Amino acid sequence: LLTDEQPASFRRAMSTASQAVQVTVSSAGSGCGAVRAPWETLAARTSNLSFCLMESSPVGKTSPSASSSPYTGLRVGSTDASSAGRVSRLQEILHRWNPRLDVGPSGSYTTRTARAMTLYKAIYGSGSDGREVDARTAGYLSQMENGSFWSHPPKKSAAGKVLYEASRMLGTPYAMGGNGVSSTDCGMLTRCAMVRAHVTDASFSRMADHQYYDAKQGLKGLALRHGAPQSGDLVFFDATTAQSSEAYGGVTHVGLYVGDGLMLAASSGQGSVVLQSLDGMRPYVKAYGCVASSTAASAP
């Protein structure tokens, strides 16, 4: 759990890396299973889970037609020549997809737009570098714009499901011991995302160090990642706190890796769930955790 007792250098890194988001938080229901999905239909939920979190392509054979998509090739630095240009339309699509992302129709493909696109691509299995729009992603964006996407959205990999569930919690207020609906802490965010994505069961702990223990011991379907992190991986931190001596492995914080150096995490310093850079925080990374394919539960 990220607390004000962690080193000032770590808190500054968290604060500097965090990205502001606009948020509409649902207070309906309680516990990890009660958050609504306002921007995606139930058709997006699939019973065909086939994964390890290493997978970067979506499950299934959805092949969007991108040959005529106006969004192919847009990249950081692209700007509109008119008020209703391609970049503004893309930003409006991203805003409708997830209003919790602070992406408005500015007409300029900025770093902020690229970070939102990184999350979008990681969720829908078309890579994890949002600095440029590839053909597959452009096809999905065009389908969202014309409405056909919502009838048959692409099936997500397990990594995409985990990140999608976590992205629904962007902007949720931070509170140590939060319930995962009206508020959350770092371990509750990762627990909710993984339980809702059906990659682990409801007994999965909300404690960051317990999650690390499970990954290290090969429990709850988790394992430690040996090598570079992949989209959807747990990121464990061992920044020193007053509680470090009581935490397994010294782990005091956890988040979810998105890609291109970005992470979703509940930040006490920012006061909410944010999409942030790992720059400045890497010295505190203890390990990465992934999910084993043999333990996948079936989604409804």
Can you compute the equivalent ellipsoid semi-axes for region 56-204, i.e. the square root of 5 times each eigenvalue of the Cα gyration tensor, sorted largest first and rounded to whole Å? 29, 19, 12
Between residue 219 and residue 129, what length comes free when the chain is fully extended (0.36 nm per residue of separation minus the Cα-Cα distance, one decimal in nm)? 29.3 nm
In nm, spacing of pseudo-spin labels at residue 84 and residue 175 (7 Å Cα→C-beta vector): 4.5
Please express the Cα-Cα pair-distance distribution P(r) of region 149-225 as a list of whole percents, one per 5 Å bin, running from 0 to the bin with the greatest distance. 3, 16, 23, 24, 17, 10, 5, 2, 0
For region 168-286, state the average projected area of the convex hull of the C-alpha atoms over all orientations, rounded to one decimal in nm². 7.0
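Throw me the Rg/Rh for region 133-194, computed over C-alpha atoms with Kirkwood Rh, two decimals.
1.13
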What is the percent carbon and sulfur in the accessible area of region 60-165, measuring with a 1.4 Å probe over the protein chains and ignoring ligands? 48
Out-of-range pairs (alpha-carbon distance over 23 Å; input 155/216; 121/155; 121/216): 155/216; 121/216
Could you point to the residue in 197, 137, 122 farthest towards the positive end of region 93-197's charge dipole, with +1 and -1 charges on the Cβ of Lys/Arg and Asp/Glu respectively? 197
Please work out how much accessible surface residue 93 shows to a 1.4 Å probe, ignoring ligands, DNA and RNA, in Å² rounded to 10. 0
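The values are calculated or read from the model by the stated rules, or taken from the named source; none is laboratory data. Quick caveat: nothing in here was measured; it's all calculated off a predicted structure. Positions of Cβ are backbone-derived with ideal geometry, glycine not excepted, and every protein chain shown enters the neighbour counts. When the accessible area is computed, the model is the full protein with side chains, heavy atoms only, and any ligands, DNA or RNA have been set aside. Shrake-Rupley method; radii C 1.70, N 1.55, O 1.52, S 1.80 Å.
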